[in-house]
Amino acid sequence: AKQLGAEITFAGGEALRAPASDVALEPGTLMVALPEWREVADRTVIKALDARGMFPDGYMLPSYAALQVAAAALAAEAKGQPLAVALGEELFDTAIGPVKFDSKGDLAENPYRVWRFDGTRFLAVEGL
């Protein structure tokens with residue numbers, strides 16, 4: 001598009017994070033994707049995993065967070081709060097940040113973000 005003089009902003013998904021290929025990404029390219037969990041995760045959890053020689057890639061940290069939510073909800077149930085109420089009302093502190101569910105049981109906040117390529121890496125686009 002650039003060679004043709006067209007001013008177009010391209011957007012894609014997480015595949016844009018793949019290692020560089022023959023076609024370089026243009027600065028300004030947009031990506032809709034989950035955060036790089038290692039970059040936003042609780043440093044204590046990252047250090048504990050590093051100490052065990054474990055690199056938290058893929059869905060390791062979201063899975064860890066899911067276990068934290070389950071453990072906290074079960075602890076609330078053990079104290080007399082119905083499990084469904086705990087899951088529907090509590091704000092859970094997890095390795096990837098706070099997690100809350102809406103009345104339907106969906107995540108209250110969409111974890112996907114819009115990112116813009118700056119020529120070197122993708123940076124979060126604020127305010128979207």
Answer with a single label: of (1) 1.11; (2) 1.36; (3) 1.93, which was calculated as Cα Rg over 2.2 N^0.38 Å from the structure in view? (2)
With everything on Cα atoms, drop me the angle between helix 60-78 and the longest principal axis of the chain, reported from 0 to 90° to the nearest 10. 20
Which order do ASP57, ASP102 take by accessible area at a 1.4 Å probe, largest first? ASP57, ASP102
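If you roll a 1.4 Å probe over the heavy atoms of the protein chains, what accessible area per residue do you get for region 1-84, in Å²?
Values: 6000 Å² over 84 residues.
Accessible area per residue, region 1-84: 71 Å².
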Surrounding charge for GLU126, neighbours by C-beta under 14 angstrom, Lys/Arg +1, Asp/Glu -1, total +1
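Expressed in nm to one decimal, what extension gain is obtained for the pair GLU39 and ASP118 from 0.36 nm per residue of sequence separation less their Cα-Cα distance?
Details: separation 79, 0.36 × 79 = 28.44 nm, distance 1.75 nm.
Here the segment from GLU39 to ASP118 would lengthen by 26.7 nm.
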Projected onto the charge dipole of the chain (+1 at Lys/Arg Cβ, -1 at Asp/Glu Cβ, origin at the Cα centre), which of GLY127, ALA11, SER63 gives the Cα projection farthest towards the positive end? SER63
Which residue, THR29, THR44, THR94, has the most motion in a Gaussian network model of the chain that connects Cα atoms within less than 10 Å? THR44
Would you mind putting 30-38, 16-24 in packing order, based on average other-beta-carbon counts within 10 Å, highest first? 30-38, 16-24
Here FRET efficiency (C-beta to C-beta, ALA66 to PHE10, R₀ 41 Å, nearest 0.05) is 0.80
Once you have the Cα-Cα distance between ASP106 and ARG52, take 0.36 nm times their residue separation minus that, and quote the gain in nm to one decimal. 16.2 nm
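How much of the accessible area of region 1-102, in percent, comes from carbon and sulfur atoms when a 1.4 Å probe is used? Walk me through the numbers before you get to the answer.
Values: 4140 of 6950 Å².
After summing per-atom areas, the C and S share lands at 60 percent.
The values are calculated or read from the model by the stated rules, or taken from the named source; none is laboratory data. Small disclaimer: the values here were computed from a predicted structure and weren't measured. Methodologically, a virtual Cβ is constructed for each residue, glycine included, from the backbone with ideal geometry; neighbour enumeration extends over all protein chains shown. Ligands, DNA and RNA are stripped out before the accessible areas are found, and what is left, the full protein with its side chains, is counted by its heavy atoms. Shrake-Rupley method; radii C 1.70, N 1.55, O 1.52, S 1.80 Å.
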